[in-house]
Amino acid sequence: MTWIGYGDLKTGMLPHWEHTCVGRLDFELRDLAFFARDSLRIDEDQLKQGVLSIKFEWPLASGEVCQLRAVFPDSYPFVRPQVALRGNPETFPHKHCSPTDGNLCLLGRDTGLWSIEWTLAKLLEKQLANALNGTGMEDPQGEPMEFWWNAFAPAFDGYVDGSFMLIDTAWNVGAETEGTLRASYSLQKMDDKIRFQGVVEEIKAKDGSVLAARKFPLPPGLQLKKVTGIFPWRRVGRFAPPSPEGWRKAQGQLTFGGHVINSGSPAISMSVTVQSTELSHRVDGDTWLFPLRYGPAKSFRAVKQGQRGTSPSMIIVPTLRAGATDIGARVPSVGILKDKVIAIFGMGAIGAPVAIEFARNGCSHLTVIDHDIVEPGNSIRWPLGATAWGMRKTTAVKHHVESEYPSVEVEAIHHTVGIATAADGNGGDHSVLPPIFGKADIVIDATASSGISRLLADHCKSAGKPMISLFGTLSLKGGVVAAYQPKSGCPTCREFAYAKGLIEKAPGSGEISALNQPAGCAELTFTGASFDLHELSLEAVRLTVDILSQPAEFKESLVHTLTLHDGIKRVPPSWRVDGLPPMKECGCNQ
Ligand SMILES: [Zn+2]
């Protein structure tokens with residue numbers, strides 16, 4: 001590294017961004033030199049590579065000076081320069097500062113907070129004192145210590161993507177300061193590297209009493225193949241990741257234990273510590289740290305005098321939070337889905353996205369009913385592609401949902417609604433349907449078949465359950481999402497409402513010209529695209545969440561009508577909402 005002064009800059013030594021913003025380099029440095037004076041030094045080698053990297057002393061109001069360095073990104077001045085403290089990491093402030101490299105958070109994370117008119121000097125004038133003192137405008141967020149450790153993890157040679165140890169924020173070990181924990185894990189050796197996927201099953205105090213236990217479901221990788229190990233844990237004071245140079249010293253603070261020999265894979269031991277940290281804005285809690293040693297069993301043995309030994313490798317296993325509150329916390333409004341049972345008839349291009357959306361939003365039990373198989377041609381508007389070819393649609397959705405969202409249970413029912421009962425009397429609607437309607441909180445009809453909709457609505461009315469029916473018109477110029485309430489209008493009432501002109505039909509109703517029959521397909525299919533069909537699926541999900549959240553507000557049936565086309569050209573999606581009271585002519589409510 002060759003450091004030169006501002007006055008030593010040679011012509012032609014320019015950062016990349018000078019070419020889009022001519023004159024900015026000189027303007028920038030002149031502004032900074034006003035404060036930094038002769039302390040301003042420029043990394044000449046970096047500048048030859050087109051990167052402006054500088055170090056300088058910044059005068060503080062107290063009369064002291066602050067040792068800083070700054071790097072200007074290639075996309076400067078559209079984005080801010082990165083400023084870091086220099087010096088001993090142990091003196092860095094605990095907030096707004098990375099413990100590993102001293103990088104300062106001078107502005108909130110929103111890139112819009114930086115103004116293209118500002119210079120580094122202006123940024124420091126406005127924000128440095130605030131960052132160092134923890135005052136002024138800041139994002140209302142905490143800086144949990146695991147954030148820094150997880151960011152540090154890739155610095156280890158043995159680290160590969162996809163390693164984790166799962167914990168639950170709801171756990172509280174109280175005043176206990178040491179004990180043991182039991183973890184389930186799987187190990188994947190990849191050359192000299194290791195992928196460790198684990199979950200803390202149980203935390204015990206020193207006297208053996210159980211302080212916390214896992215309640216969240218295991219991720220798919222740990223459901224089939226896992227081993228368990230017992231590891232000691234202890235509480236420590238603030239323990240931040242060191243600078244890469246300081247790592248050797250920091251390792252001295254770790255106590256490894258719980259040595260496990262795994263047949264056919266590396267032996268491991270772990271140093272488990274818990275420390276108090278800010279979890280969210282001004283809310284403290286615990287965070288756990290899981291440094292892991294791994295290697296052949298012999299690398300853990302003490303080396304006899306005169307022999308050369310090997311020592312185990314080490315990684316930091318990133319700490320991830322997977323408790324019920326950790327996963328649900330991001331979108332509290334869908335919490336209502338957690339204990340609900342939703343039955344979805346039809347796993348086609350509108351039903352399957354509905355099922356997956358409910359699963360993503362935490363619905364704990366889905367019943368999916370369909371009779372079809374996934375073909376390659378479905379991929380253009382079905383949520384899953386080639387991995388599902390040849391599978392029953394119900395089975396494919398079940399596999400996908402249960403592995404991506406392990407807290408969701410899917411009951412896959414391969415059944416054709418409305419066909420004649422088999423000779424033995426089993427497997428017909430008579431035996432299949434009642435249990436589905438009995439336990440569902442709401443039924444989704446994505447069969448897009450008016451005859452089946454009437455049949456399902458009749459079952460819902462008898463069971464006193466709401467039903468949401470969704471379909472696009474054949475040309476997909478529009479569509480309908482109807483919510484039928486048991487004591488209000490039914491699908492037949494909707495036909496009467498159209499006939500009487502009380503509700504306007506969806507655009508394209510009755511047009512059949514857009515149908516075609518792909519080779520190998522037993523019937524005509526429509527030509528709508530998935531991005532238009534998703535409008536219907538998403539509206540059905542929104543309406544379901546609203547109905548389940550405020551059932552008292554939804555006593556009357558509703559028809560939501562979608563417009564995607566005005567008859568001449570495509571238009572942005574728009575929705576009209578009509579009430580659907582029971583029709584006298586239908587007689588369904590007499
Ligand atoms: Zn009716």
Probe 1.4 Å, heavy atoms of protein chains only: per residue, the accessible area of segment 271-311 in Å² is 60 Å²
At the level of C-alpha centres, the distance separating segment 406-467 and segment 64-103, in angstrom, is 61 Å
Summed over the other residues with a beta carbon less than 15 angstrom from that of Met347, with K and R at +1 and D and E at -1, the charge totals -3
Rounded to one decimal in nm, the spacing of the 7 Å Cα→Cβ label points at Arg454 and His281 is 5.6 nm
Over the chain, the sum of -39500 (n - 2.57) across DSSP H runs of at least four, divided by residue number and rounded to 500 deg cm²/dmol, gives at 222 nm -6500 deg cm²/dmol
In whole percent, the fraction of accessible protein surface over the chain that belongs to carbon or sulfur atoms, probe radius 1.4 Å, stands at 53 percent
For segment 3-133, the Cα-Cα pair-distance distribution in 5 Å bins from 0, as whole percents, is 2, 10, 21, 24, 21, 14, 6, 2, 0
Diffing segment 261-269: the Karplus 3J(HN,Hα) column from phi (6.51, -1.76, 1.60, θ = phi - 60°), in whole Hz with x for Gly and Pro, holds 9, 9, 5, x, 9, x, 6, 9, 8
Rounded to one decimal in nm, the spacing of the 7 Å Cα→Cβ label points at Lys555 and Lys298 is 8.1 nm
So the angle from the long Cα axis of helix 393-404 to the longest Cα principal axis of the chain, reported in degrees to the nearest 10, equals 20 degrees
For Lys338, the lysines lying under 16 Å Cα to Cα, once residues fewer than eight places off in the same chain are dropped, come out as Lys215, Lys439
Normalised per residue, the volume inside the convex hull of the alpha-carbon atoms of the chain in Å³ amounts to 258 Å³
Rounded to the nearest 5, the percent of DSSP beta bridges in segment 332-580 running antiparallel is 55 percent
Ordering 44-51, 5-12 by per-residue average of other C-beta atoms within 10 angstrom, highest first, gives 44-51, 5-12
Regression test value, accessible area per residue of segment 3-133, probe 1.4 Å, units Å², expected 52 Å²
Expressed as a whole-number percentage, the relative contact order of the chain with C-alpha contacts under 8 angstrom and at least six residues apart is 8 percent
With every protein chain kept in place and a 1.4 Å probe, segment 332-580 has an accessible area per residue in Å² of 46 Å²
The lysines whose Cα lies under 28 Å from the Cα of Lys193, excluding any fewer than 8 residues away in the same chain, are Lys225, Lys226, Lys249, Lys298, Lys304
Per the rule of 0.36 nm per residue minus the C-alpha distance, extending Asp191 to Thr2 adds in nm 64.2 nm
Looking only at aspartates and glutamates whose Cα falls under 14 Å of Lys461's and that sit 8 or more positions away or on another chain, we get Asp441, Asp445, Glu556
Given unit charges at Cβ for Lys, Arg (+) and Asp, Glu (-), the dipole magnitude of the chain about its Cα centre in debye, nearest 20, is 1240 debye
The long-range amide H neighbours of Val65, using H built 1.01 Å from N in the peptide plane and a cut-off of under 5 Å, are Leu60
DSSP beta bridges in the chain: the antiparallel percent, rounded to 5, is 75 percent
Pseudo-spin-label distance Cys21 to Leu60, built 7 Å along Cα→Cβ, given in nm, is 2.8 nm
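The values are calculated or read from the model by the stated rules, or taken from the named source; none is laboratory data. Source: prediction; values computed, not measured. Ideal geometry is used to build each Cβ from the backbone, glycine not excepted, and the neighbour counts take in all protein chains shown. We work out accessible area using only protein heavy atoms, side chains counted, and drop any ligands, DNA or RNA first. Shrake-Rupley method; radii C 1.70, N 1.55, O 1.52, S 1.80 Å.
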